[in-house]
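Just below is one structure, and these are the notes that go with it.
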Amino acid sequence: MPFPITQPELVDVTLQFALQLRDGYADSDQLLGAVTAASGSVTGEQKDSSGTFLFYDLQGGAQNINVSSDPETPYYLPTQVGVNVPMPSALWPAFPDITIATPTLPLGDPGQTAAYKTQRLAATLFPTTAYPFPLGATLIRGTVLHNNLPLSATTVQQTGGTDPAYMTGADGQFVLYLSNPPVLPLPVAITAQHAGLVNGNANITVLRGLTVSVTINM
């Protein structure tokens, strides 16, 4: 008696859009922990442990893709990436769009086009206080207080520096990293800004490979 043969169902799936995120501390396209990228009810499919998230059924037009870390591995600050779908390139419809970059320069080169650097920055994830920084990282950790209570929604940044700022959460804590730390002790000023309050300032001394702690009262 012959057995019935079931033909496999084939589905033709076409890539619509790819979001390429980067780890801002490690300057790498490999992300730590579990990360989700979603626009409304549509969640991107992460490619291995890389920062590439593939989308197949986004609506056309302007989209806001919300990126967040899993609560079990809260290593990156949440962010929102604004994109337009479809992307100009049908060959590899990705954000950041490499077609607007200078092809003769590395993508991370400071001399890249302003348009590409803006997109690359928007797709960069920055570490939270829980990020597993490696030994030897040069860090400034601290807490922002107001009336002796932790102050959220405060932007903390090295005064006059180019390293990323940090937006405090409910615990008021922050962490700043120095990408080009000094070999010798160096005085550094940091500024905390919160709507409706006078800026808070602190002066500390940093040294390569060490972590400095500070409390800023506003």
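Rule-based calculations on the coordinates, nothing more; no lab input. Predicted model only: the values in this text are computed from it and were never measured. Quick reminder, even Gly has a Cβ in these numbers, built from the backbone with ideal geometry, and neighbours come from all protein chains shown.
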Problem - Projected label distance in nm at GLN80 and SER28, using a 7 Å step from Cα toward the beta-carbon - result: 3.0
Completion exercise
Under 5 Å from the placed amide H of VAL188, counting only residues 5+ away or on other chains, we find ILE204, THR205, VAL206
Practice task
Determine the shape class of segment 61-123: with a ≥ b ≥ c the square roots of the Cα gyration tensor eigenvalues, call it rounded for a/c under 1.5, and otherwise prolate if a/b is greater than b/c, oblate otherwise.
Solution key: oblate
Completion exercise
With label points set 7 Å from each Cα along the Cα-to-Cβ direction at ASN201 and ALA114, the distance between them in nm comes to 3.0
Practice task
Pairs of Cα atoms under 8 Å, at least six residues apart: use those to get the relative contact order of the chain, whole percent.
Solution key: 16
Practice task
Would you mind checking the radius of gyration and Dmax of the chain based on alpha-carbon positions, in Å?
Solution key: 21.3, 87
Practice task
Would you mind giving the three semi-axes, in whole Å and largest first, of the ellipsoid equivalent to segment 19-90 according to its Cα gyration tensor?
Solution key: 21, 13, 11
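Which value at 222 nm does the chain reach when only helices count, each DSSP H run of 4 or more adding -39,500 (n - 2.57), with the total divided by all residues and rounded to the nearest 500 deg cm²/dmol?
It comes out at -1000 deg cm²/dmol, rounded to the nearest 500.
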Fill in the blank from the handout: Contour minus Cα-Cα span, SER41 to TRP92, at 0.36 nm per residue, comes to 16.0 nm
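Want the number for ASN147 to SER179: 0.36 nm per residue separation, take away the alpha-carbon distance, what's left? Before the final figure, lay out the partial values.
On the way: separation 32, 0.36 × 32 = 11.52 nm, distance 3.26 nm.
Length gained between ASN147 and SER179: 8.3 nm.
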Problem - Expected-Rg normalisation [2.2 N^0.38 Å, Cα atoms] applied to segment 125-218 - result: 1.02
